[in-house]
Amino acid sequence: MPASRPIWKGQLRLSLVSIAVELFTATKSSAKPSFRQIHEPTGKPINYEKVVAGVGPVDKDEIMKGFEYEKGDYVLLTDKEIDAVKLETRKTLELTQFVGACEIDPIYFDKPYYMVPADDLAEDAFVVIRDALRKSNKVGLGQLALRGKEYLVAIKPSGKGILLETLHYEEELRKADPYFTEIPTKTADADLLEVATALIDKKTAKFDAGVFKDHYQAALRELIGRKLKSKGKTVSTRDEPAESRPSGSNVVDLMAALKSSLEGGKAESAKAPAKKPAAKKPAAKAAPRKKAS
């Protein structure tokens, strides 16, 4: 069992079957450098106080949660009143529906968690649910109260365990139509589509997340390391020439760029042949004119 503490303990229920399970966060924030605001003259971190306009700093005991039902007017709720809200999903995740593994649009997925059996007694039933989901190629849906909010969640097999992912509710997502409405309704040119598809096929490989690295975070860590070695002195950001890329203002032969990419060259190389013939044409015309004179 991992050293981290579970963020939730409860029952995974399928009809009359209940399984004791635990949830662990699948992501880690420590992978990225974090910064605090510092008071430069003293080098001390800046703290934030709870203050009220016209009153000043206040104690934690004087703070309540408030819902603004009208501008400037609030309904005040205590933590006990909020905790008293009875939701079965606080302790039980009931699988109420199953859908095809590819039916959920990726835009709905929010955050992943690892689900494991809570004890030895739960292992057999846990394995049955996991393998049944894998065999049927289905995803289980349910709702779970977590950290003061009830989430729509999906579970699916992941290795020896189960991956739970929180989903956005439909009302939480913006409609795509206002953003896509200006895109003209037309199909791609058949020849261009064929070359682009061939390029996609050429670059298709099995997904391996380890191949991709966060270059920005690596550069930040390298900068932090150099800053430590410089003992606080200003260090150069080491500006490097950015990789040359075709800009939107340049007129590029799309077919030539796609074919060049397919052959392994860069898109920029497609522009070079286009410029050479233009330079040769005036020279070719100048020669016969001299002979005629």
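Here are some notes:
- Residues located in region 86-106, provided they are among the hydrophobic types (A, V, I, L, M, F, W, C) and surrounded by 11 or more Cβ atoms within 10 Å (Cβ to Cβ): Leu87, Leu93, Leu95, Phe98, Val99, Ala101, Ile104
- Looking across region 186-201 at every residue that is surrounded by fewer than 10 Cβ atoms within 10 Å (Cβ to Cβ) and more than 29 Å from the chain's Cα centre (by Cα), the one that is nearest to Ser261 (Cα to Cα) is identified as Ala190.
- Residues of region 107-116 classified as crowded, with 16+ Cβ neighbours inside 10 Å and within 22 Å of Phe126 (Cα to Cα), total: 4
- Filter pass, Pro33 being more than 23 Å from Gly161 (Cα to Cα), touching a residue at least 60 places away in the same chain (Cβ under 8 Å) and in a loop (DSSP other than H, G, I, E, B): yes
- Failed item, numbered, when Pro45 is tested on (1) in contact with a His (Cβ under 9 Å, 6 or more places away or on another chain); (2) surrounded by 10 or more Cβ atoms within 10 Å (Cβ to Cβ); (3) not assigned by TED's automatic domain parsing to the domain that holds Leu164; (4) not hydrophobic (A, V, I, L, M, F, W, C): (2)
- Considering region 1-42, the residues that are under 24 Å from the mean Cα position of the chain (by Cα), of a type in the set (A, V, I, L, M, F, W, C) and surrounded by 10 or more Cβ atoms within 10 Å (Cβ to Cβ) include one that is farthest from Leu93 (Cα to Cα), namely Ala26.
- Residue, modelled with the lowest pLDDT, within region 92-102, restricted to residues that are within 24 Å of the chain's Cα centre (by Cα) and part of a loop (DSSP other than H, G, I, E, B): Ala101
- Filter result (touching a strand residue (DSSP E or B) at 6+ places or on another chain (Cβ under 7 Å), surrounded by 10 or more Cβ atoms within 10 Å (Cβ to Cβ) and not in a loop (DSSP other than H, G, I, E, B)) within region 48-74: Val51, Lys65, Gly66, Tyr74
- Flag if Thr89 is at pLDDT below 95 and either among the hydroxyl-bearing types (Ser, Thr, Tyr) or closer than 21 Å to Ile19 by Cα (or both): yes
- Residue check, Val127 surrounded by 10 or more Cβ atoms within 10 Å (Cβ to Cβ) and either of a type in the set (A, V, I, L, M) or out of contact with any Gly (no Cβ under 8 Å at 6 or more places or on another chain) (or both): yes
- Counted residues, region 103-119 - those being outside any helix (DSSP H, G or I), more than 22 Å from Ser29 (Cβ to Cβ) and of a type in the set (Val, Ile, Thr): 1
- Criterion violated by Val21 - all others in (1) farther than 30 Å from Pro117 by Cβ; (2) outside any loop (DSSP other than H, G, I, E, B) satisfied: (1)
- Selected residue (only one of Gly148, Gly142 is touching a residue at least 24 places away in the same chain (Cβ under 8 Å) and surrounded by fewer than 10 Cβ atoms within 10 Å (Cβ to Cβ)): Gly148
The values are calculated or read from the model by the stated rules, or taken from the named source; none is laboratory data. Keep in mind that this is a model prediction, so the values were computed, not measured. Positions of Cβ are backbone-derived with ideal geometry, glycine not excepted, and every protein chain shown enters the neighbour counts.
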